[in-house]
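Structure first, then comments.
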There are 2 protein chains.
Amino acid sequence: MTAPGQPAVLGPGKLTKVRRLAERASYDRELVYSVLDEAFICHVATLLNGEPVALPTAYARVDDAIYLHGAPANATLERAVGAGMVSVTVTLLDGLVLARSTFHHSINYRSVVVFGPVSVVTSSDEKRRALEKLVEHIVPGRSRDARAPTEAELRATAVVKVEIAEASAKVRTGGPSDDAEDVAISRIWAGQLPLKWAPQDPVPDEDCPDVAVPDYIAGYRRPGWD
Amino acid sequence: MTAPGQPAVLGPGKLTKVRRLAERASYDRELVYSVLDEAFICHVATLLNGEPVALPTAYARVDDAIYLHGAPANATLERAVGAGMVSVTVTLLDGLVLARSTFHHSINYRSVVVFGPVSVVTSSDEKRRALEKLVEHIVPGRSRDARAPTEAELRATAVVKVEIAEASAKVRTGGPSDDAEDVAISRIWAGQLPLKWAPQDPVPDEDCPDVAVPDYIAGYRRPGWD
């Protein structure tokens, strides 16, 4: 996954150094990219009237960049590009951790924060590739079927590139870490409840009743799902 | 859900007015609270060395406030309290929307942004109630079983209250909205792939093999799940 000559780590940097529970932190490029490739919704943090605010949007990673898209007047993208730098946060929820004590209850998760320079993609070719990758990242296999954007649709879509200049990951796995005296309270069940995204039955559009559900929908999976 | 005399709407305000796709926006208190009550992970946006950044954390709503918690030295909470105001974003992913055209692919989601004054909870009683609610919000039923915090554990936990002063929700539901000429391309399947969180088999801690899995774990559900 790491190209030859690339540093294996993406931090810690001034903006990504994890201070709390540093034993859960990593700057490993492969770990960061594995989280970015499993999820497809991020939260982009920008300043709105001087106040930081996070808004959700879809994304796709291509090499060492993240692509975002929206309408040309998308305010979050405008603010991000105006700032020159942006942070993008991706969080995967993996499960609930039930301890005997209220205090040691926890959540298993993997989260990544990326900081990097942000710019508007102006090349039609790069826009096309980014939009195809967005569809393909979210629904692997779909880009073979979906009609490609027209020039008018391309003009009606803003594509923004965030370079992955600096990144950190934070991960919690495993069961509860109760104090020994609480473990002795044997009446309290303790453990983990793993949570996973589960695709439900596809809902065909009313105008395509006779088209078979494609395999990439019927068997929808994300990278990293076992 | 709305107490007598409470305004039914939480906006639009200076910080929460939705500009893009305003037809998807709502400031309805009941809708906002239903999203806050179904999810339990939020992204808190703060300024880190002058750069906006969003970090995930658990939360629980109590009346017209959101409670967050962390270690006393938690940097995100410190920055939020230092700023006096904070925004909290909650996003629920509901499914993928597969259109014939790349352009009309979309995602069904419900997201909420809350802005409000933030303060450290100093009262032991309010801290206890907030921490019990956090456990009970994430695992309904659990607070009956879990050992309550000791005074030392309370001191080792920072609890922060965010008043829900202003909020907006943004919701997309339904199938794709392809152009008529694309609908005619009948070979392309189009529709929705709903996604839901699915609890997996509970994993008991190795030290409690003989304790039955509680009903609230075996039958784990979130408000809003049908």
Exercise for the section: Please go through the range B:158-215 and pick out each residue that is β-branched (Val, Ile, Thr), farther than 24 Å from B:Trp225 by Cβ and under 21 Å from the mean Cα position of the chain (by Cα). Expected result: B:Val159, B:Val160, B:Val162
Exercise for the section: For the range A:48-73, name all the residues that are touching a helix residue (DSSP H, G or I) at 6+ places or on another chain (Cβ under 9 Å) and not aliphatic (A, V, I, L, M). Expected result: A:Glu51, A:Pro52, A:Thr57, A:Tyr59, A:Arg61, A:Asp64, A:Tyr67, A:His69, A:Gly70, A:Pro72
Exercise for the section: Could you check, for the range B:101-120, whether at least one of its residues is free of Cβ contacts under 8 Å to residues at least 24 places away in the same chain, within 10 Å of chain A (Cβ to nearest Cβ), of a type in the set (Phe, Trp, Tyr) and under 30 Å from A:Arg128 (Cα atoms)? Expected result: yes
Handout entry: Any hit, the range A:162-181, residues being at pLDDT below 95, over 28 Å from B:Arg222 (Cα atoms) and facing chain B (nearest Cβ under 8 Å)
Key = no
Practice task
Specify the residue that is nearest to A:Tyr33 (Cα to Cα); the eligible residues are those in the range A:72-124 that are surrounded by 23 or more Cβ atoms within 10 Å (Cβ to Cβ) and among the charged types (D, E, K, R).
Solution key: A:Arg110
Exercise for the section: Answer yes or no: is there a residue in the range A:149-156 that is at pLDDT 95 or above, more than 7 Å from chain B (Cβ to nearest Cβ) and touching a Lys or Arg at 6+ places or on another chain (Cβ under 9 Å). Expected result: yes
Exercise for the section: Considering (1) out of contact with any strand residue (DSSP E or B) (no Cβ under 7 Å at 6 or more places or on another chain); (2) at pLDDT below 95; (3) closer than 29 Å to B:Leu93 by Cα, say which one B:Val135 fails and leave the rest. Expected result: (2)
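With the condition being over 14 Å from the mean Cα position of the chain (by Cα), I'd like the strands (runs of 3 or more DSSP E) fully within the range A:26-82 carrying at least 1 qualifying residues.
Numbers: elements: A:41-48, A:51-58, A:60-62, A:65-70.
Output list reads A:41-48, A:51-58, A:65-70.
Would you call B:Val159 farther than 30 Å from A:Val211 by Cα, more than 7 Å from every other protein chain (Cβ to nearest Cβ) and not acidic (Asp, Glu)?
Working: farther than 30 Å from A:Val211 by Cα: yes; more than 7 Å from every other protein chain (Cβ to nearest Cβ): yes; not acidic (Asp, Glu): yes.
Yes; evaluated as a whole, the condition is true for this residue.
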Practice task
Would you mind finding the one in A:Thr150, A:Thr157, A:Thr173 that is of a type in the set (S, T, N, Q) and surrounded by 15 or more Cβ atoms within 10 Å (Cβ to Cβ)?
Solution key: A:Thr157
Completion exercise
Condition set without any contact (Cβ under 8 Å) to a residue 12 or more places away in the chain and in contact with a Phe, Trp or Tyr (Cβ under 9 Å, 6 or more places away or on another chain), scope the range A:188-206, selection surrounded by the fewest Cβ atoms within 10 Å (Cβ to Cβ): answer is A:Ala198
Practice task
Quickly run through the range B:207-226 and pick out the residues that are loosely packed, with under 14 Cβ neighbours inside 10 Å and in contact with a Gly (Cβ under 8 Å, 6 or more places away or on another chain).
Solution key: B:Asp215
Handout entry: Total residues in the range B:213-226, condition free of Cβ contacts under 8 Å to residues at least 60 places away in the same chain and facing another protein chain (nearest Cβ under 7 Å)
Key = 1
Practice task
Determine the pairs where a residue that is under 27 Å from B:Val114 (Cβ atoms), located within the range B:151-164, has a partner that is charged (D, E, K, R) with Cβ atoms under 6 Å apart, the partner being 6 or more residues away or on another chain.
Solution key: B:Leu154/B:Lys127; B:Val159/B:Lys127; B:Ile164/B:Asp64
Practice task
Of the numbered conditions (1) at pLDDT below 95; (2) more than 28 Å from B:Gly13 (Cβ to Cβ); (3) among the hydroxyl-bearing types (Ser, Thr, Tyr), A:Thr102 fails exactly one; give the number of that condition.
Solution key: (1)
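So which of A:Arg29, A:Arg61, A:Arg24 is at pLDDT below 90 and either more than 9 Å from chain B (Cβ to nearest Cβ) or surrounded by fewer than 20 Cβ atoms within 10 Å (Cβ to Cβ) (or both)?
A:Arg24
The values are calculated or read from the model by the stated rules, or taken from the named source; none is laboratory data. All of these numbers come straight from a predicted model, not from anything done at the bench. Cβ sites come from the backbone with ideal geometry, for glycine too, and all protein chains shown count toward neighbours.
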